[in-house]
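Here is the structure we will look at, set down as structure tokens.
The values are calculated or read from the model by the stated rules, or taken from the named source; none is laboratory data. Treat the numbers as computed from the prediction; the structure is a model and nothing was measured. Note: ideal-geometry Cβ built from the backbone for every residue, glycine included; neighbour counts use all protein chains shown. Remember, those area values only see protein heavy atoms, side chains included, never the ligands or the DNA or RNA. Shrake-Rupley method; radii C 1.70, N 1.55, O 1.52, S 1.80 Å.
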2 protein chains.
Amino acid sequence: MKPLGWAFLFLASVCSAQESADFRPATTNVWGGQYPRVDGAGRVEVRIKAPEASTVRLNFWSGPKVDMVKQEDGFWAFTTDPLAPGLHYYTLIIDGADVSDPGSQHFFGGGRYASAVEVPEPGVDFYDIRSVPHGQVREVWYDSKITGTWRHALVYLPPAYEEQPQTRYPVLYLQHGGGEDETGWIRQGRANFILDNLIAAGDCRPMIVVMAYGYARRAGAESPDLSGRPFGSPVWRKALQDMMTAFEADMTEALIPFIDATYRTVPDRDHRAMAGLSMGGMQTFQITLNNLDLFSHIGGFSGGLGRMMFGDQELDIRTVYDGVFADPAAFAKKVHLLWLGIGTDEPARMLEGIRGLHASLIDAGIEHVYYESPGTDHEWQTWRRDLKDFAPRLFR
Amino acid sequence: MKPLGWAFLFLASVCSAQESADFRPATTNVWGGQYPRVDGAGRVEVRIKAPEASTVRLNFWSGPKVDMVKQEDGFWAFTTDPLAPGLHYYTLIIDGADVSDPGSQHFFGGGRYASAVEVPEPGVDFYDIRSVPHGQVREVWYDSKITGTWRHALVYLPPAYEEQPQTRYPVLYLQHGGGEDETGWIRQGRANFILDNLIAAGDCRPMIVVMAYGYARRAGAESPDLSGRPFGSPVWRKALQDMMTAFEADMTEALIPFIDATYRTVPDRDHRAMAGLSMGGMQTFQITLNNLDLFSHIGGFSGGLGRMMFGDQELDIRTVYDGVFADPAAFAKKVHLLWLGIGTDEPARMLEGIRGLHASLIDAGIEHVYYESPGTDHEWQTWRRDLKDFAPRLFR
């Protein structure tokens, strides 16, 4: 009964739901998935069947690994302390194998498909689907002469795009973090719902949002041999710089022309913005500051200036990127918005790095917006809040 | 160095590629994923790190579970015999925990995210991305009064949709199988590339393809208590019928009106088709044969008439669905295409079931197309071939 079997499984699972105390299946579970569960305080109860395992560890990326406890029924269980609101990646380490939880939806992060649990934020619905007009998310493939490959991107079009076939729209290029891909801002970040809600409330200009795959290698480029080279060594840095440079070329020479040819954009610098999180923030600074003829709005979400992130170079704000920050008046004329954000619970190095950049920009007299997300780590809740603050300031 | 760390991981993984013999990383791996590997004969080499595991089993859904062999480096490995071309779902059972392979992309099947490996078919590229105009796949959300929930669907629009704003298009509703979801036909089936290639070759009329989430429950409906009820028991059947009926109502009363209101469709029965695989095939027969005022083209891919699938009722072709097959001339006037397909290596019960239906339709004098996919099982290669044969016959 294979073909029907799954349907029955589905029915059985959704019909066997029982909710203990106020623990409820996470909204990020697969349909019918009863675990993980979340309670009103943000505690997360994880449960996995591994009857023959000798050790099962729970690996929330935002915290230390913990040992799960074997139950009599062959399941292993653990309930966390209350977690901050938002989406938390996790995996399970079963006798040394680092795998995803079959009860959870899988999200692309850390260079693999990982589980994640959504901890609701009471009274907050700016990233929920609501009864407002919805934009559409489109999948596009473009043939990049830079990488010599087909590349996949997601494009959000605002709700009125099809009803108003004469209207042209500004464009925000919005990048994922390292280890994530072009699906992150929709699946994890819920950027489409954030924009839908902001646009419906009149808080944000209708805009197109393009989410690209942030890794690239030039067609025919040699793979550097990184084996045995220490992290941060010259070979590593060269490899990263090559990747960043190839992505910069792909975005400016392949993606932007494709988007302007495919959609009703306003194809000029005044109506083009770029923002990104973490590694995507570094890419944003590099690409926008190297190409101010193309961009006029810049957002760094938990990501600083490239060289700063190496952590071992003093940042001289007046000389970075060919001295773009040396003349505040000239900068303000070109850049309509420079936006920086960080979560107050992010790792000290990142928090200090972004706060230091903020201070340097003040010293240099560079007008910018600075936002700290209270109580959130280097995670999606920070970046959802960043987008909510950033998007309304665009194209004004 | 967390934000950069993943980028470095990425670089390290793609740069450490070494290919032994003609085993190559599967195209379905995550970027940089070196395993599973596939060789020219279709053998699949799976490798997973589980240093403390006592047993690791490889579970290809198309075959029996096998024990993997522990290596000295803490990895477990197994190489299969040659597999048929196409996409094969699999999971790993690590000390009793049934999990996905972190080296593989994950696809929604079996009610969870599963690993899968693509075994290439030499000389066959009808489902590959090629240098032809590409349609766009769009994500839409519609508010269903039937289920009382927001529902997600994917919509393929043909390449010329935006260049020809006056053109209206016929619509194919294309359903996934049991345990899969609305993403299956794109992620696993590559329906968008199949249509792109057929349309570019002039073999197929440009059409809109709508892929809906095939499970539904009426708003406020009670969950049946299935605990302890034997499979196929009256309670089970009622539950399945309720689900099928709710989905039928959702499609006919919510989804179709939404699609016709949102896209430039030709909103009549002559320009509306439905097809589905396995459970989706059953849904197709039920929904189309109950609603011939809405549909005129019908495709069943490895899925028969609902009651037939229960396997314990004689199918009387002249009485099913209120005798719709009783008058061949009347049927031929209403139904422009009735299409049946099955893979020759599918389980005997299914193969015989569809062959039996084919024979009954011949006896009843019902004009139809029958196709057998040589050497393929109840898997996506069968359904990709089905779509390639089915789509060109639509709307002629």
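For A:GLN136, the residues 5 or more places off, or on other chains, whose built amide H falls under 5 Å of its own are A:LEU157. Between B:VAL124 and A:LYS333, the distance separating the two model label sites (each 7 Å from Cα on the Cα→Cβ line) works out to 6.3 nm. Dipole check for chain A: with +1 at the C-beta of Lys and Arg, -1 at the C-beta of Asp and Glu, and the Cα centre as origin, the magnitude is about 580 Debye. With its label point defined 7 Å out from Cα along the Cα-to-Cβ axis, A:GLU352 lies at 7.4 nm from the matching points of the other copies, in increasing order.
Which log10 I(q)/I(0) values does the stretch B:16-174 give at q = 0.09, 0.11, 0.19 Å⁻¹ under the Debye formula, counting every alpha carbon as one identical point scatterer? Log10 of I(q)/I(0), two decimals: -0.44, -0.61, -1.18. Hey, which of these cross-link pairs are over 26 Å Cα-Cα: A:LYS65/A:LYS238; A:LYS238/A:LYS333; B:LYS238/B:LYS388; A:LYS70/B:LYS49; A:LYS334/A:LYS388; A:LYS238/A:LYS334? In this structure, A:LYS65/A:LYS238; A:LYS238/A:LYS333; B:LYS238/B:LYS388; A:LYS238/A:LYS334 lie more than 26 Å apart at Cα. Considering helices alone, the calculated mean residue ellipticity of chain B at 222 nm is -7500 deg cm²/dmol, with DSSP H runs of length four and up weighted by -39500 (n - 2.57) and normalised per residue.
Remark: mean inter-chain Cβ contacts per residue of A:339-352 equal 1, using a 10 Å Cβ-Cβ cutoff to other protein chain atoms. Phi angles across the stretch B:124-134 convert, under the Karplus curve 6.51 cos²θ - 1.76 cosθ + 1.60 with θ = phi - 60°, into 3J(HN,Hα) values of 10, 9, 5, 10, 8, 6, 10, 7, 10, x, 10 Hz, Gly and Pro given as x. Based on C-alpha pairs under 8 angstrom that are at least 6 apart in sequence, the stretch B:239-375 has a relative contact order of 19 percent.
In this simple spin-label approximation, B:ALA359 and A:ARG349 carry label points 7 Å from Cα along the Cα→Cβ vector, and these lie 7.1 nm apart. Using the Cβ-Cβ distance between B:THR245 and A:ARG396 with R0 set to 41 Å, the FRET efficiency from 1/(1 + (r/R0)^6) comes to roughly 0.20.
Kindly state, to the nearest 0.05, the FRET efficiency for A:ASP67 paired with B:THR55, given R0 = 22 Å and r defined as their beta-carbon distance. Efficiency, rounded to the nearest 0.05: 0.60.
Sorted from nearest, the other copies put their B:GLU253 label points 5.7 nm away, the label point being 7 Å from Cα in the direction of Cβ. Working note: Karplus 6.51/-1.76/1.60 with θ = phi - 60° gives the stretch B:74-80 the couplings x, 8, 10, 9, 7, 10, 7 Hz, where Gly and Pro are set to x. Across the copies of the chain, A:LEU315 has label points (7 Å from Cα along Cα→Cβ) spaced 6.8 nm apart, shortest distance listed first.
Roughly what % of Cα-Cα distances in the protein assembly as shown sit above 40 Å, to the whole percent?
36 percent
Put the Cα centre of the stretch A:49-90 next to the Cα centre of the stretch A:245-274 and the gap is 43 Å. Projecting the Cα atoms of A:PRO102, A:PRO120, A:SER131 onto the charge dipole of the stretch A:71-148 (Cβ charges, centred on the Cα centre) puts A:SER131 farthest toward the positive pole.
Summing Lys and Arg as +1 and Asp and Glu as -1 over all other residues whose Cβ lies under 12 Å from the Cβ of A:HIS176 gives a net charge of -2.
If exposed means no more than 16 neighbouring beta carbons inside 10 Å and the site is in a DSSP loop, what's the longest run of chain B without any exposed GluC sites (Glu not before Pro)? Intermediate results must be reported in sequence, preceding the final value.
Numbers: sites that count: B:GLU19, B:GLU52, B:GLU72, B:GLU162, B:GLU163, B:GLU222, B:GLU314, B:GLU367.
Longest run free of exposed loop sites: B:223-313.
Each residue of the stretch B:59-70 was assigned a 3J(HN,Hα) from its phi angle through the Karplus expression (A = 6.51, B = -1.76, C = 1.60, θ = phi - 60°), giving 10, 6, 5, 7, x, x, 5, 10, 7, 7, 10, 6 Hz with x at Gly and Pro. Here the accessible area of the protein assembly as shown is 52 percent carbon and sulfur, with a 1.4 angstrom probe and all protein chains present.
Partner shielding of A:50-58 amounts to 4, given as the average count of beta-carbon atoms from other chains within 10 Å of each residue beta-carbon. If R0 is 35 Å, the Cβ-Cβ spacing of A:ARG237 and A:ASP143 corresponds to a FRET efficiency of close to 0.70.
Only protein heavy atoms count here; under a 1.4 Å probe, A:PHE60 has an accessible surface of about 20 Å². Taking amide H as placed 1.01 Å from N in the peptide plane, B:ASN29 has its amide H under 5 Å from the amide H of B:GLN105, each at least 5 places away in sequence or on another chain. Measuring nothing but alpha carbons in the stretch B:193-269 and taking Rh as the Kirkwood radius, the Rg to Rh ratio lands at 1.17. Extending 7 Å from Cα along the Cβ direction at A:THR262 and again at B:THR167 yields two label points whose distance is 1.8 nm.
Looking at chain A alone, DSSP beta bridges between its own residues are antiparallel in about 65 percent of cases. Measuring how big the stretch B:49-104 is from its alpha-carbon positions, Rg and Dmax come out at 11.4, 34 Å. Computed about its Cα centre, the charge dipole of the stretch B:244-396 is approximately 500 debye, with only Lys, Arg, Asp and Glu carrying charge at their Cβ.
For the stretch A:36-172, a crude dipole built from +1 on the beta carbon of Lys and Arg and -1 on the beta carbon of Asp and Glu, taken about the Cα centre, is about 440 debye to the nearest 20.
For B:GLY343, the residues 5 or more places off, or on other chains, whose built amide H falls under 5 Å of its own are B:SER373.
Give me the Å³ per residue figure for the convex hull around the C-alpha atoms of chain B.
Spread over its residues, the Cα hull of chain B gives 178 Å³ apiece.
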